[in-house]
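The values are calculated or read from the model by the stated rules, or taken from the named source; none is laboratory data. What you are looking at is a predicted structure, and each value in this text was computed from that prediction instead of being measured. Cβ placement follows ideal geometry from the backbone for every residue including glycine, while neighbour counts extend to all protein chains displayed. Accessible surface areas use protein heavy atoms only, side chains included; no ligands, DNA or RNA. Shrake-Rupley method; radii C 1.70, N 1.55, O 1.52, S 1.80 Å.
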Amino acid sequence: MLHLSRRTINLDSIIQRVHMLVSNRADTKQVNLHLEAADGEVEVYCDAEKITRVITNLATNAIKFVPQGGNVRVRTMLSTNGEDALVEVVDDGPGIESAELKRIFGRFEQATHNGTKQSSGVGLGLNIAQKLAALNFGSIDVDSEVGQGTVFRLSLPLPDPACIATRMAESRTSGIGPVCLLALDIPGIQDQRQSDDFERFICGSFRAEDLLFRQTNDRWLLLFSGNQQDAKLWMERTESDFEQMNRNRPFGSLPNYVATFFECSGRDDIESVRDVLREEWNRTMEMVPSLGR
């Protein structure tokens, strides 16, 4: 029932949003809040609003437990595996006992920092944060040493469609059913606002199991969780919703879009569709090195 709007986004824009949300809390407690960005621009594939909530939760917890005059660092970097970016929330607070580390992600559990609980509540924060990370094909882990501080580490996938499709399949404990791949093109799109508006519309029209990847400002690839017949039924509903949205768009109507299915050797399993997705993505990336986002 949770709506997800996963897309490629600049990681620094998420971190800046987190900083805006927690800086007043840090100032009030007189905790030093530092941002340490990775060299170069880093893009990740996620629901920016959900991941902002996750990082904000981690930073807020760190500020809560660090004593006055302490330090909290939010730093970003590329993972050594070449598939993820990392966001680390590092504090020099009292640390967490090793026995506590084994259960802090449990539902209704709260960590005891060096023997002290400093907050009230039902302890859902880290449990929900972990689930939101998983829904974005990432993970959270933690290292801590009593008297030295704590590091919470969030991993998020880089915008590699084939890698993300693999993670989608691996996240389905009951296996993945038929899938299909289609391109969504809007010939004659005029500006970035139109492109962003169309992407928001499409993301709001499908389920969390579907994955959308923007290739250029007028072309997207959609990995649809269902066979072509399912996708055609979805398209019929979506076209009707698109017409209604277009009539009410304050900046004028968007150009009509065109949906095209890819043939994947007559198969609809994730392995075949993923291979076609990788080939099409790489082909377009070679033709258009800059997506203009």
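For this structure, a couple of remarks:
- Number of positions in segment 237-259 that are open to solvent by 70 Å² or more (accessible area, probe 1.4 Å) and hydrophobic (A, V, I, L, M, F, W, C): 2
- When residues in segment 136-186 are screened for being under 25 Å from residue 281 (Cβ atoms), β-branched (Val, Ile, Thr) and either open to solvent by 40 Å² or more (accessible area, probe 1.4 Å) or part of a helix (DSSP H, G or I) (or both), 3 of them pass.
- Filtered residue count, segment 95-148, keeping only those that are charged (D, E, K, R) and modelled with pLDDT of 90 or more: 4
- Candidate set: segment 47-79, residues that are under 19 Å from the mean Cα position of the chain (by Cα) and assigned to a loop (DSSP other than H, G, I, E, B); chosen: the one surrounded by the most Cβ atoms within 10 Å (Cβ to Cβ): 47
- Residues within segment 188-197 that are open to solvent by less than 30 Å² (accessible area, probe 1.4 Å) and within 21 Å of residue 44 (Cβ to Cβ), tallied: 1
- Any hit, segment 260-267, residues being aromatic (Phe, Trp, Tyr), more than 26 Å from residue 172 (Cα to Cα) and surrounded by fewer than 17 Cβ atoms within 10 Å (Cβ to Cβ): no
- Residue within segment 16-27 that is of a type in the set (S, T, N, Q), under 26 Å from residue 65 (Cβ atoms) and buried (at least 16 other Cβ atoms within 10 Å of the Cβ) present: no
- Residue that is surrounded by the fewest Cβ atoms within 10 Å (Cβ to Cβ), among those in segment 28-43 that are free of Cβ contacts under 8 Å to residues at least 24 places away in the same chain and closer than 30 Å to residue 80 by Cα: 40
- If the condition is being in a strand (DSSP E or B), open to solvent by 20 Å² or more (accessible area, probe 1.4 Å) and under 13 Å from residue 179 (Cβ atoms), then segment 203-236 contributes no residue at all.
- Any hit, segment 84-105, residues being assigned to a helix (DSSP H, G or I), polar (S, T, N, Q) and either open to solvent by less than 20 Å² (accessible area, probe 1.4 Å) or touching a helix residue (DSSP H, G or I) at 6+ places or on another chain (Cβ under 6 Å) (or both): no
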